[in-house]
Amino acid sequence: DSREQWPDCPSISEIRDQGSCGSCWAFGAVEAMSDRHCIHSNGKVKIEVSPEDLLSCCSSCGMGCDGGFPPSAWEFWVDKGIATGGLWNSHIGCQPYEIPACEHHTTGDRPPCSDIVDTPKCVHLCEKGYNTSYRDDKHFGKKSYSIESLEQQIQTEIFKNGPVEGAFSVYSDFINYKSGVYQHHSGESLGGHAIRVLGWGYENDVPYWLCANSWNTDWGDKGYFKILRGSDECGIESSIVAGIPKY
């Protein structure tokens, strides 16, 4: 569990909210990047990498709020860098997320999520009152890579370098997950979904990956879920990507 291995890195315990936008590919990436900036600087660089900057400015990443490609997100971090930016309404960092939080397949204080909104425009500026220029606020990766779909290699990567981004096929029986180790049993496919994988373990002898979703803390197990480990459940082990930050 990365939260226990690197207790000085608060981003590892943060659950974000992608809002009414298919930006999971960007969230899984910036969450793991934020964790790794802290881990690889020995706790000195505590930033929130901006999903807004990545989502709106990475033209090679796909279709913004209509979906995108995790490997391209990590390449963009290496090539162009990504500014800082916190959650919606947080006013943290250069470019905080501008799409409002909402309830994903559950009930809570926020309004229910709606149809997918338009992708925010790419703006090379920081929010008013932020004292660093957009260009100077960019944080870069040194390299990005994908990890072979072998359980042990994924474990070694997380153990050595921190959380990774993964993706899997969502079926309708995943949507109402609350606890336990998820395994797909029934229901139709709802498409791919990218998330952050931050650890592994056993629950009642069942091996799992510990994952953070970007549907806020009202969903699932306080925003987290566990999914069966070791048998490429819903493709979870076949599209793991990550990278090393540049200093």
Looking at (1) in contact (Cβ under 8 Å) with a residue 24 or more places away in the chain; (2) part of a loop (DSSP other than H, G, I, E, B); (3) of a type in the set (D, E, K, R), which is the one condition that is false for Lys143?
(2)
So, Arg196, is that one in contact with a helix residue (DSSP H, G or I) (Cβ under 7 Å, 6 or more places away or on another chain), among the charged types (D, E, K, R) and over 23 Å from Ser20 (Cα atoms) or not?
no
Go through the stretch 195-209 and give me each residue that's under 15 Å from Asp35 (Cβ atoms) and buried (at least 23 other Cβ atoms within 10 Å of the Cβ).
Ile195, Arg196, Val197, Leu198
Mind telling me which of the residues Lys246, Lys226, Lys142 ends up being buried (at least 21 other Cβ atoms within 10 Å of the Cβ) and in contact with a strand residue (DSSP E or B) (Cβ under 8 Å, 6 or more places away or on another chain)?
Lys226
Specify which of the listed residues (Ile158, Ile116) is hydrophobic (A, V, I, L, M, F, W, C) and at pLDDT below 95.
Ile116
Any residue in the stretch 111-134 that is in a strand (DSSP E or B) sitting within a Cβ distance under 8 Å of a residue that is not polar (S, T, N, Q)? List the pairs, counting only those 6 or more apart or interchain.
Pro112/Cys102; Pro112/Glu103
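Residues checked against (1) under 21 Å from the mean Cα position of the chain (by Cα); (2) within 18 Å of Glu237 (Cβ to Cβ); (3) in a strand (DSSP E or B):
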{"position": "Lys178", "(1), (2), (3)": "yes, no, no"}
{"position": "Leu198", "(1), (2), (3)": "yes, yes, yes"}
{"position": "Gly201", "(1), (2), (3)": "yes, yes, yes"}
{"position": "Pro207", "(1), (2), (3)": "no, yes, yes"}
Which condition from (1) touching a helix residue (DSSP H, G or I) at 6+ places or on another chain (Cβ under 7 Å); (2) modelled with pLDDT of 95 or more is the one that Lys138 breaks?
(1)
Number of the condition not met by Ile92 [criteria: (1) under 25 Å from Leu190 (Cβ atoms); (2) touching a strand residue (DSSP E or B) at 6+ places or on another chain (Cβ under 9 Å)]
(1)
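The values are calculated or read from the model by the stated rules, or taken from the named source; none is laboratory data. All values derive from a computational prediction rather than experimental measurement. When we count neighbours, we look across all protein chains shown, and the Cβ atoms used for this are built from the backbone with ideal geometry, even at glycine.
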